[in-house]
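Trainee: This is the structure, below, for whatever I ask next.
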Amino acid sequence: MITSPSNRWLTGILALVSLTSLSLFGQDDDTFNLDPFSVYEDDNKGYAATNSISATRINTAIKDVPVPINIITADFIKDFAYTKVEDAVVADATVTRVGRNEGQFAENFVIRGFRSSLNLRNRIPYRGFTDASMVERIEIVKGPAAVLYGLSDPGGLVNIITKRPLAVRQSNIELRAGSESFARVQWDTTGPLDDAGKFLFRVTGSYESADAQRAGGWHKQTFITPAFTIHATETTKIDFEYSYQQRDHTFMRPRNPFVGNGFAPNDAWQPVDQDYSTITDRDETENSGWSYQIDLTQSFGENMFLRLTASETDRFTDMFNVVGCCTDANDVFTPISNVEILNNDNKNYYADFTATDIEIANTRHTFLLGAQRDESTGATGVYRMNGGSAALRAALGRYPVTPYNVLTGAGRNPDGTVQMNVTRAEAEALASRFRAEGVAGATANPGNPSTQKATSFFVMDQIRAIDDKLNVLVGARRDKIESTGQDEATNTSIQAGFTYEITPGINFYTLYSESFVPNGDRTDNRVDPPLVLTFSPSQGEGTDIGFKFELIENKLSGSVAYFNIDRTNILQNNPLPEPPIDEPIAFLSGLENSQGVELQMFYTPTDNTQFIFSYAHTDAEIKESLVDGSVGLKLLQTAPDAFSVTGRHTFDNGFFFGGNVLHRRGPIHQFSIPRREWAIQDTYTRTDLFAGYNTEFWGRNQYFRLNISNASDGTFYDRTETYAVGRQVFFTWGMDI
């Protein structure tokens, strides 16, 4: 929710941007230096990208940096009609989605076997959700990346590059309709606001609504992003971007019910079908928020640059639905009414100084020195009434949510939704009342605000030598983390690697890198007063060895690599449902390891035909643990082998077609904890197809496209405990205006 102080501050920034632009209209000089911190459409060749900014924060050829990177380009996103980042990145064989994304409409991933908790937007931590209308490209950085980005998990991270204002006026509108009453309008308009081209703008956005394949499902969403670029002088540039997002939807808890209580030896999946739903007839979740980012880039000559950045993301979620995990021996599920209210705010302040092409002896250096300050605050209120509690049912006089049989559907409404017997207001008020009265089965926690502040300093050097055949990358970072209720944590991370051109078009590379993530605290309520337990941070380190190549006049490019990643200091809840008083409720435990081989190839035999091949073999498991039965368990949502093949061909008459086949070989474990090893997804294959036609009509470029997602209508878990959406068909019409 937007607070009044933030509103006033943001309004002041917009006013300053407007006043600055007015002072520029009368200036005649239209020569502007391009900064080295942006990527441009010229860096892409269809689905293949040659340059990236995520490995070094500077626009650099991918083959010259010893960092494994995969780029999802704008053409790829457009062809497959993806509306969210999470739908696009799973085309990479090493990336999968994780469950529990739908409540806050967050986007969380597993990369190389490890959860990825850090998403970036234009290199800055981003806590909002995404929409394709604002996305120019997606850069997936593999392996630990703490030196440049601070708190990050060892598997990697996702950096979303947004659409920036262009100096040429152009506009586009796109309409889409499809399965489950899906309707979407998307727009993009950009260009200069003055004759000299010193003040550029871009406004992107979308509105969409749809029902869902599961009973009771629906959503409505609005997303709008205005952006401005001001060339204040030949050497000074200001970029400003603001996003507003609003999504109202129903939310089905990802977990499908299973027999038992999560700890009994006979726990097992229920054989529910793909359309199984726990959406209630009163279910509704609101996600709303806004974010801004402002960058000042100042150049000093041709090779020195100062960049200052400030950003903020504010997020609010109000959720009303059911929660619960298990059925009884008769397959009856007794849900729990659930209200969750979440407020999150994240502020970021960055400063970078870059000096490029500094000659020292027979080497050339690009130095990057930076400082970073991140501040996050949040609070989560939870109000629940457990229908399984006889005491609560007696106090309420009824079930909060009607029990139902998950196999026969008995107890559901005729339309397939679940019968909720309280309103949202009643669910919150009654949970608070019963909790105060000590009624078993009631939870009422208004949420205690928590804060985390991270202060960091980092330095990086890119060294070119031996006629640019050798490219060395070295860096170090110092972090200080302050969190509510915890001791101050500090960490030093390093990164070192190089690429060497062993023959024209083929580079050998190797990299060592580290990661660092604070562990949260745990409260032991078994003692009075409650005891807050704090833990030292999680650590990660990884090694990559491989080759990068650009061959056949750059028609064939890609990389092949072996990786090995360790994660230690893993925070583990005590697996017992009610640990004895002489046992801790949580502890640090063991070692997780992921190692494997990755292959990524882009092949463009002609201007009209292109292919992508992605393969990954990943062996990710728990190597050491204090939890009995954990050693040897596979890490969640990681396929032992996965590959994807993507192709596109355009005919001379404007027709085009293509598709993607994604195959993941099981067993794919849904959990990495004992007594849940039965929760496994077997091997599955998914196919997405598209066909379309580009033409000129009414003097305007227009395109028509048909998309079929999950064309074979496969039934499989594509994220933790959650079935993939079945076959869907969409038709799109777009026009330049």
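The values are calculated or read from the model by the stated rules, or taken from the named source; none is laboratory data. Please read these numbers as outputs of a predicted model, since none were measured by experiment. We place every Cβ from the backbone using ideal geometry, glycine too, and count neighbours over all the protein chains shown.
Trainee: Return the residue satisfying two criteria in turn: it lies in the stretch 61-82 and is in contact (Cβ under 8 Å) with a residue 40 or more places away in the chain and of a type in the set (Gly, Ala, Ser), and of such residues it is surrounded by the most Cβ atoms within 10 Å (Cβ to Cβ).
Mentor: Across the stretch 61-82, the extreme among qualifying residues is 81.
Trainee: Related question: Please report, ordered by residue number, the helices (runs of 4 or more DSSP H) entirely within the stretch 1-96 with at least 2 residues that are within 30 Å of residue 344 (Cα to Cα) and at pLDDT below 70. Quick ask: steps written out before the conclusion?
Mentor: Numbers: elements: 4-24, 74-79, 85-89.
It comes to 4-24.
Trainee: For the stretch 614-625, how many residues meet the condition of being more than 16 Å from residue 665 (Cα to Cα) and surrounded by fewer than 18 Cβ atoms within 10 Å (Cβ to Cβ)?
Mentor: Qualifying residue count for the region: 2.
Trainee: Go through the residues of the stretch 414-425 one by one and say whether even a single one is crowded, with 20+ Cβ neighbours inside 10 Å, in contact with a strand residue (DSSP E or B) (Cβ under 7 Å, 6 or more places away or on another chain) and at pLDDT below 95.
Mentor: yes
Trainee: Of all residues in the stretch 401-442, how many are hydroxyl-bearing (Ser, Thr, Tyr) and farther than 30 Å from residue 213 by Cα?
Mentor: Going through the stretch 401-442, the residues hydroxyl-bearing (Ser, Thr, Tyr) turn out to be 402, 404, 408, 417, 423, 432.
Still in the list and also farther than 30 Å from residue 213 by Cα: 432.
Within the stretch 401-442, residues that are hydroxyl-bearing (Ser, Thr, Tyr) and farther than 30 Å from residue 213 by Cα number 1.
Trainee: Can I ask one more? Output the residues belonging to the stretch 402-425 that are in a strand (DSSP E or B) and within 11 Å of residue 278 (Cα to Cα).
Mentor: Correct list: 404, 418, 420.
Trainee: Looking at the stretch 462-486 only, could you name the residues that are in contact with a Leu (Cβ under 8 Å, 6 or more places away or on another chain), surrounded by 19 or more Cβ atoms within 10 Å (Cβ to Cβ) and more than 27 Å from residue 536 (Cα to Cα)?
Mentor: Scanning the stretch 462-486 gives 462, 473.
Trainee: Now a separate question. Of all residues in the stretch 103-141 being in a loop (DSSP other than H, G, I, E, B) and touching a Leu at 6+ places or on another chain (Cβ under 7 Å), which is surrounded by the fewest Cβ atoms within 10 Å (Cβ to Cβ)?
Mentor: Start the filter on the stretch 103-141 by keeping residues that are in a loop (DSSP other than H, G, I, E, B), which leaves 103-108, 112-113, 117-118, 122-123, 126-131.
When the remaining residues are screened for being touching a Leu at 6+ places or on another chain (Cβ under 7 Å), the result is 104, 113, 118, 126.
Working: 104: 24, 113: 29, 118: 21, 126: 24.
That would be 118.
Trainee: Moving on. Considering each of 640, 580, 575 in turn, give the residue that is under 30 Å from residue 482 (Cα atoms) and out of contact with any helix residue (DSSP H, G or I) (no Cβ under 6 Å at 6 or more places or on another chain).
Mentor: Details: 640 fails: under 30 Å from residue 482 (Cα atoms); 580 fails: under 30 Å from residue 482 (Cα atoms).
Step by step, each of 640, 580, 575 is checked, and only 575 is under 30 Å from residue 482 (Cα atoms) and out of contact with any helix residue (DSSP H, G or I) (no Cβ under 6 Å at 6 or more places or on another chain).
Trainee: From the list 85, 141, pick out the single residue that is touching a residue at least 24 places away in the same chain (Cβ under 8 Å) and closer than 22 Å to residue 601 by Cβ.
Mentor: Numbers: 85 fails: closer than 22 Å to residue 601 by Cβ.
Of 85, 141, the one residue that is touching a residue at least 24 places away in the same chain (Cβ under 8 Å) and closer than 22 Å to residue 601 by Cβ is 141.
Trainee: I'm trying to understand the selection: among the residues of the stretch 668-678, which are part of a loop (DSSP other than H, G, I, E, B), surrounded by 15 or more Cβ atoms within 10 Å (Cβ to Cβ) and of a type outside the set (A, V, I, L, M)?
Mentor: Matches in the stretch 668-678: 670, 671, 672, 674, 675, 676, 677.
Trainee: Give just the number: which of (1) assigned to a strand (DSSP E or B); (2) within 29 Å of the chain's Cα centre (by Cα); (3) over 25 Å from residue 522 (Cα atoms) does residue 656 not satisfy?
Mentor: Unmet for residue 656, out of (1) assigned to a strand (DSSP E or B); (2) within 29 Å of the chain's Cα centre (by Cα); (3) over 25 Å from residue 522 (Cα atoms): (2).
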